[in-house]
1. Within segment 51-74, identify whether any single residue is under 17 Å from the mean Cα position of the chain (by Cα) and of a type outside the set (Lys, Arg), and answer yes or no.
2. Identify all residues within segment 10-48 that are over 17 Å from the mean Cα position of the chain (by Cα), closer than 18 Å to residue 75 by Cβ and among the charged types (D, E, K, R); write none if there are none.
3. If a residue must be assigned to a helix (DSSP H, G or I), farther than 30 Å from residue 18 by Cα and touching a helix residue (DSSP H, G or I) at 6+ places or on another chain (Cβ under 8 Å), how many such residues does segment 57-106 contain?
4. Mind listing whichever residues of segment 46-75 are hydrophobic (A, V, I, L, M, F, W, C) and more than 24 Å from residue 36 (Cβ to Cβ)?
5. Please identify the pairs in which a residue from segment 34-60 that is closer than 23 Å to residue 82 by Cα has its Cβ atom under 8 Å from the Cβ atom of a residue that is assigned to a helix (DSSP H, G or I) and among the polar types (S, T, N, Q), counting only partners at least 6 apart or on another chain.
Amino acid sequence: MKHLRKFNESEEINISSDRINEINKELENFVYITQDKLKFVDSLINELNNYKNESNGGNDQIDDSIIALQVIKKNIEDSVDKIDTVVNNLKDYNDNGRKFLYTETK
């Protein structure tokens, strides 16, 4: 059975301000924990740099581990940046309502 809409009823379904605030609080907590782990990864990189291979002939396990940790660090930083974007978008949605950020061009 099809739902008939009243004349002034919108077809958009909006998320409540309370739910957005809950999501943002959880994301901010996630960022706090993630930044703490980022410090840990950074300390591992610094520690392992003390044992880095000085040879130009190739990489050993320590060198490879440092490179992998640097990639992890960059990925964490990128993730935190994306989470900040989500938080800012949701705050803007709460403050100013729904608006298009990107539009189709034909």
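Each value in this text was obtained by applying a stated rule to the coordinates, not by laboratory testing. Since the structure is predicted, the reported quantities are computational estimates derived from the model, not experimental observations. When we count neighbours, we look across all protein chains shown, and the Cβ atoms used for this are built from the backbone with ideal geometry, even at glycine.
1. Filtering segment 51-74 down to residues under 17 Å from the mean Cα position of the chain (by Cα) leaves 71-74.
From what is left, the residues that are of a type outside the set (Lys, Arg) are 71-72.
Yes, there is a match, as at least one residue in segment 51-74 is under 17 Å from the mean Cα position of the chain (by Cα) and of a type outside the set (Lys, Arg).
2. Matches in segment 10-48: 42 only.
3. Going residue by residue through segment 57-106, those that are assigned to a helix (DSSP H, G or I) are 61-96.
If we keep only those that are farther than 30 Å from residue 18 by Cα as well, we get 61-75.
Cutting the leftovers down to touching a helix residue (DSSP H, G or I) at 6+ places or on another chain (Cβ under 8 Å) gives us 62, 65-66, 69-70, 72-73.
Total meeting the criteria: 7.
4. Residues of segment 46-75 hydrophobic (A, V, I, L, M, F, W, C): 48, 62, 66-69, 71-72.
Result: 62, single match.
5. Once the first residue is closer than 23 Å to residue 82 by Cα and sits in segment 34-60, its partners that are assigned to a helix (DSSP H, G or I) and among the polar types (S, T, N, Q) give 34/79.
Residues are listed down the side, and each one gets a yes or a no for (1) surrounded by 11 or more Cβ atoms within 10 Å (Cβ to Cβ); (2) β-branched (Val, Ile, Thr); (3) out of contact with any Leu (no Cβ under 7 Å at 6 or more places or on another chain):
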position	(1), (2), (3)
61	no, no, yes
65	yes, no, no
69	yes, no, no
105	no, yes, yes
